[in-house]
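Taking it in order: structure first as structure tokens, then the write-up.
The values are calculated or read from the model by the stated rules, or taken from the named source; none is laboratory data. Note that the coordinates shown come from a computational prediction; the quantities given were computed from them, not determined experimentally. Don't worry about glycine lacking a Cβ; one is built from the backbone with ideal geometry, like all the others, and counts go over all protein chains shown. Heads up: the accessible areas ignore ligands, DNA and RNA and are worked out on the full protein's heavy atoms, side chains in. Shrake-Rupley method; radii C 1.70, N 1.55, O 1.52, S 1.80 Å.
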Amino acid sequence: MAGRIAYLTTIASSCGFSDELIHLYLATQLSFEGATPDEDEFLNVDLVDVQELVDAVLDGKIEDAKTVVGALACDVMALRLAAE
């Protein structure tokens, strides 16, 4: 459960090929309520510090575009909030 959700940005997943848009949000004040996956669905939840996630992006370990943009946007947001 998220105590607070803030909009980060919208990205076009494949300009020129598709009109799909992906909306990215930052969720904070999180608590784990459990999962109820479908019978054929398997979920793994890994809690990762934002800086560790950003390091994985910068090291090339994470290449998925939406995850890269989301991680970097979260990092920028954290830096801006810390400066206030």
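When you look at Lys61, is it assigned to a loop (DSSP other than H, G, I, E, B), open to solvent by 60 Å² or more (accessible area, probe 1.4 Å) and not aromatic (Phe, Trp, Tyr), yes or no? Reasoning before the result, please.
Values: assigned to a loop (DSSP other than H, G, I, E, B): yes; open to solvent by 60 Å² or more (accessible area, probe 1.4 Å): yes; not aromatic (Phe, Trp, Tyr): yes.
For Lys61, the condition - assigned to a loop (DSSP other than H, G, I, E, B), open to solvent by 60 Å² or more (accessible area, probe 1.4 Å) and not aromatic (Phe, Trp, Tyr) - is met.
Restricting attention to the range 39-84, which residues are touching a residue at least 40 places away in the same chain (Cβ under 8 Å) and not hydrophobic (A, V, I, L, M, F, W, C)?
Scanning the range 39-84 gives Lys66, Gly70.
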(request) State which residue is farthest from the chain's Cα centre (by Cα) when the search covers only the range 31-58 and only residues that are β-branched (Val, Ile, Thr), under 24 Å from Thr9 (Cα atoms) and in a loop (DSSP other than H, G, I, E, B). (result) Val45
(request) Any residue in the range 14-38 that's without any contact (Cβ under 8 Å) to a residue 60 or more places away in the chain and open to solvent by less than 100 Å² (accessible area, probe 1.4 Å): show its pairings with residues that are charged (D, E, K, R) and in a loop (DSSP other than H, G, I, E, B) at Cβ separation under 9 Å, as long as the two are six or more apart or on different chains. (result) Ser14/Glu20
(message) If I ask for residues that are within 13 Å of the chain's Cα centre (by Cα) and not in a helix (DSSP H, G or I), which ones from the range 64-84 would you list?
(response) Asp64
